[in-house]
Structures are given as structure tokens and as C-alpha cells.
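Beneath this line is the structure, given in C-alpha cells, with notes to follow.
Computed from the coordinates by the stated procedures, all read-outs in this text should not be read as laboratory data. All values derive from a computational prediction rather than experimental measurement. Don't worry about glycine lacking a Cβ; one is built from the backbone with ideal geometry, like all the others, and counts go over all protein chains shown.
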Amino acid sequence: MTLSGELIAFFGLALVAILGGVLLITLTKVVHMVIALVFTFLSIAGIYLLLSAEFVAVVQILIYSGAITIVMLFGIMLTKHQESDEPAKGGWGKITLLLAIAGFAVAVYLGIYNLDIPVQPATLHEENTKQIGIELFSKYVIPFEVMSVLLLVALVGAIVLAKKDDEEGDQS
Amino acid sequence: MIKDLLHSTPSLLNFGIFFGLAVLLLFVVLGFVTYGILSERKIMGFMQLRVGPNQIGGKWGLLQTVADVLKLLIKEDTIPKKADKPLYILAPVIAFAPAFMVLAALPFTDAFQFADIGVGLLYYMAISGISTIGIVTAGWASNNKYSLIGGMRAAAQMISYEIPLVMSLVGIVLLTGSLNLNEIVAAQEKVWFIFLQPIAFIVFFIASVAELNRVPFDLPEAESELVAGYHVEYSGFRWAFFMLSEYVYMFAMATLTTVLFLGGWNSIPFLDFIPAAIWFGLKFSAVFYVLVWIRVTFPRIRADQLMEFGWKVLLPVALANIFLTALIKELINLF
């Protein structure tokens, strides 16, 4: 393994992603957690970029860091979520947790150590936006359309729920 | 030049060159912001029958902004006692860094551009969305009701207007068949997209003014209602960072408008002896002037009107434009 720019970038991004994840768990204020989450999302987008999946990377930033986090922040701030989480306590619980984490680490290590990744066609990174589009509209048309119906149902459902709240608010 | 650099083997020298170029661009942008602000104040002055800055740096007030920046630098840096300190410090950084990042993907001329990425258009939209997080964070971390309202308004407005902004550009993507900004410019060699996509241009321009948080869409910092909006508690250089990111976005948005609708560095027929950089500069300045003109002549709209306009007018118009473009494109292909 040689030290290349790609490797340095990967380690930097991976470090930020993991740090963001750890901070997300350890920080006590909810808004701080969301900001930590943003850093995780951004560095994951960077890792996609290293894998030359530029479209996925940009969409990751657009949807996750851009839209979803803002909606989360919006909800948290408007509901005046000032209280912070209590840090969990317990002696035996921590040891079982450690064992579980170690077990998970071993399982993941065994799982990926001898993983044989098939050699992918070398043209995958060229014009991958176009390739995604062609795949989506030729091979996967039906899942794509079903997904859009699902999203529409979610949208209508959200409107119905919000509307209900509004009427109750008027009555009280 | 950049392309050769990107393909060469990585080394410390390479890093140095890239770093140097980035610093150079930063100074170019800072220079633009300095004189952009001055020209904005001058134009506003003339339009409102005032003289504008005319004391420091000669008759035209050429050093006015420099003096202002100096004042901001030596100003006391205050952090409110009840503010959320880490977020308060982090927020200007989150707001400014993306503003400078988007510049990397913008092609100024065929020679002067940094990264030629395949999804350049989406890259701009995605990265500029991150700034909103900085603004919301600033509003929340200041622990002040005005700044919180300002931050909320900024988030709501920027999310609502990002959708028509992106949707209006789908027509261009349909016509070009690419998200690459260079290919979009190349597709406008004969006819600029402002003539092929007039509806998209109007929607894009309105939405871009809203994205820039400028009058008539400056509700996040409406000074007559919210004192100063999300940056009401900020002072000195932290405040300057918010202003700077606002003007860098203005620079980036004027560039993007030029690239997408005014043919980038392409020249008008018979006038191609004028260099590409000058063409770009002319178109860019025209867009910038219109942005200032809009700021001077329009009143601010109300918050409820803002949302209604974005969702009920701009979005349907943008969607109809996509439909129309696809239809016409197919019809032309048919015959």
C-alpha cells in the first residue's frame, strides 16, 4: 500500500465521518448533534467522490446535508428543544456493550477480510450521471415509478396529518 | 493548464501550485467584493439622487470599503454570555466555506477555471445549500429571538426557492444533455439560452435573488422588523464573514447566470476579436448591475407572500417550462 493523495484524502474523510458519528452520540445538546451529523454526511459525500461516484456524492450533499438536516434543525429549533440528554450510567451494561461492540467488530472483520470484489468495468466512472439515467429508465423503470408513488403517498399523508393538527388547534 | 496539473502526479510542488492558485482566487474575489460593495453603494446613491461615498479615496470614494473593512478588523469581538459558544464561533465558518467552494466549479473563461466536473451545475446547488445550515446555526446560537426568527426565515426561504431554482434549470439540461457547465457554455455558441428559455430565465433570476437574500427577498435580515436578522449579535470580523459570504455568493450567482443564460465567454457574432475574458466581464457586470438595480427599486415582500409566490407561482411555472421544453424538443426531433 503506497501513500497516495487518494489515501490521505480517504483517511481524512473517514476520520471526520467517524468523529462526526462519535460526537453525534456523545454530545448532549440536540442542535450540536445535528451539526455533527452534517459533518458525517459531508465526509461520506467526499468518500463517494473518491470512488468517482460524483452524482451520488452531489445528491448526498443536496438531500442529506442540505435538505434533511435543515428540516431537522427547523423542527428542533421551533419546538424549543433546550433540554439536554442525561448521560447514561451503569457498570455491567457497559461491559456487555463493550463485548457486543467487539463481537460486531470481529464479525465485520471476518466478513470483509476475504471479500472478493469482482472487477468492475473500467468505464463506470465516465459520465456516470448519464449511465445512472439510462439504467434508471431502462432496467429499473417499475421500481422507479413505484418509488414515486410511494413518495406521493408520503406527501399526501404528511399534508393530511398537518391539516388534522391545524383543525384541532382551532377547536381548543 | 489546470487540467494538465490535475493529471500530473501528486507532489508537494503540485500542492503548492494549487494552494497558490486558490489564494490568488481568494484575493481576486476579495477585490471584487471590495469594489462590488462600493459600486453598489454608488449606484444606489445615484438612483436615490444621493452622491454615495465620496470622502475617502478621492471623489469616487475608492477607499471607502477598505476603510470599512479596517474598521471591522479592529472592532471588538463580542460573544453574548448566553450564546452557544462553540456553535456561535463555528457558524460564520460554515456559512463562508461553501461560498468559496462553489467558485471552484465555475468556468470563468475557457482557460480560467479550476475544476471541470461532470455535475458542475448540481455541485453548485448542493454546496450552496450548506450555507443555509451556517445561517440557521448562527440564528440559533446567538440565543436572541430576532436572530432566531431571521435564521428560521432564511432556512424556509432558501429551501423553498432552491426548488424552483433547480427546476428552472432542467430545461437547459434537457437542451444541452449535460450537467457540465463547460458543455452548457459550448451549447450556447450560436444562441444564448436566455432566448431559448426565457421563462426559465425569469424564474431562475427571481429565485436567485431570493437565494441571495437580497431585496425584495431580504426577510432573513429585514432591518425594520428584525434589527438585523440572523447576524444581529455578531460583530467585528465574524459579522464580516457573513457579509463576505453574501457578496461571494452574489459573485458566484452572477457568474452562474452568465454561464447558464448569457453564453458565458461566448461573443456576439462579428465581435469575436474581443477576448473571451472581456466578454465574460461585460456580461457579468450587466448581471451584477441588474441585481443592484432590483435592490434599489423594489420594496420588501411579506413573509406569507414570499412562501405563496415561491410554491404557487414559481414552482408551477418552472414545472410547466420543463414540460414545454421536453415537448418542443421531441417535436423538433420528430420533423
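Using label points projected 7 Å from each Cα along Cα→Cβ, tell me how many nm separate B:LEU63 and B:SER285, to one decimal.
Once both label points are built, they end up 2.4 nm from each other.
Going Cα to Cα from A:LYS164, which lysines come in below 23 Å? Please leave out same-chain ones fewer than 8 positions away.
Output for A:LYS164: A:LYS80, B:LYS312.
Treat the count of other C-beta atoms within 10 Å as a stand-in for reagent exposure and order B:SER147, B:SER160 from fewest to most.
Listed from fewest to most nearby Cβ atoms, that is B:SER160, B:SER147.
Can you check what the net charge comes to around B:TRP279, using other residues whose Cβ is under 13 Å from the Cβ of B:TRP279 (Lys, Arg +1; Asp, Glu -1)?
-2
Taking every residue in A:54-63, how many Cβ atoms of other protein chains lie within 10 Å of its Cβ, on average?
5
Could you tell me which residue out of B:ILE56, B:LEU90, B:SER39 lies farthest along the dipole of chain B toward its positive end? Charges go on the beta carbon: Lys and Arg +1, Asp and Glu -1, centred on the Cα centre.
Checking the options against the dipole of chain B, the answer is B:ILE56.
Highest GNM mean-square fluctuation, chain B, Cα pairs closer than 10 Å: which of B:ILE274, B:ILE301, B:ILE135?
B:ILE274
Can you tally the net charge around B:GLU162? Count Lys and Arg as +1, Asp and Glu as -1, for every other residue whose Cβ sits under 15 Å from the Cβ of B:GLU162.
Its environment carries a net charge of 0.
With the dipole of the protein assembly as shown worked out from charges on the C-beta (+1 for Lys and Arg, -1 for Asp and Glu) around the Cα centre, which of A:GLY20, B:ILE74, B:PRO216 lies farthest toward the positive end?
B:ILE74
Let me know the shape class of the protein assembly as shown, please: from the alpha-carbon gyration tensor, a ≥ b ≥ c as square roots of the eigenvalues, rounded when a/c is under 1.5, otherwise prolate if a/b is greater than b/c, or oblate.
Rounded shape, in that the Cα axes give a/c under 1.5.
FRET efficiency for B:LEU327 and B:GLN305, Cβ-Cβ distance as r, R0 = 35 Å, nearest 0.05?
0.65
Between B:ALA115 and B:PHE335, what's the calculated FRET efficiency when r is the beta-carbon distance and R0 is 30 Å? Round to 0.05.
0.15
Taking only Cα atoms, what is the 0 to 90° angle, nearest 10, from helix B:145-176's long axis to the longest principal axis of chain B?
10 degrees
Please give the charge dipole size of segment B:278-335, origin at the Cα centre, charges +1 on K and R Cβ atoms and -1 on D and E Cβ atoms. Round to the nearest 20 debye.
The calculation lands at about 220 debye.
Using a/c under 1.5 as the rounded threshold, could you call segment B:46-107 rounded, prolate or oblate? The axes a ≥ b ≥ c are square roots of the C-alpha gyration tensor eigenvalues, and prolate needs a/b larger than b/c, oblate otherwise.
Because a/c hits 1.5 or more and a/b fails to exceed b/c, segment B:46-107 counts as oblate.
What FRET efficiency comes out for A:THR96 versus A:ILE18 if R0 is 30 angstrom and r is the Cβ-Cβ distance? Round to the nearest 0.05.
Once the sixth-power term is evaluated, E becomes 0.85.
Among B:169-177, A:45-53, A:8-16, A:108-116, how do they line up by average Cβ neighbours within 10 Å per residue, starting with the highest?
Output ranking for B:169-177, A:45-53, A:8-16, A:108-116: B:169-177, A:45-53, A:8-16, A:108-116.
In deg cm²/dmol, rounded to 500, what helix-only [θ] at 222 nm does the protein assembly as shown give when every DSSP H run of at least 4 residues adds -39500 (n - 2.57) and the total is split over its residues?
Roughly -23000 deg cm²/dmol at 222 nm, from the helical runs in the protein assembly as shown.
Given the pairs B:LYS190/B:LYS329; B:LYS75/B:LYS145; A:LYS29/B:LYS82; B:LYS82/B:LYS145; A:LYS130/B:LYS329; A:LYS94/B:LYS85, which are separated by over 20 angstrom at their Cα positions?
Going by Cα-Cα distance, B:LYS75/B:LYS145; A:LYS94/B:LYS85 fall outside the 20 Å limit.
How would B:GLU211, B:GLU223 line up from fewest to most surrounding beta-carbon atoms within 10 angstrom?
Fewest-to-most ranking of B:GLU211, B:GLU223: B:GLU223, B:GLU211.
Within 12 Å, Cβ to Cβ, of B:VAL296, how many net charges do the neighbouring residues add up to if Lys/Arg are +1 and Asp/Glu are -1?
Local net charge: +4.
With a ≥ b ≥ c the root eigenvalues of the C-alpha gyration tensor of segment B:198-335, is it rounded (a/c under 1.5), prolate (a/b larger than b/c) or oblate?
oblate
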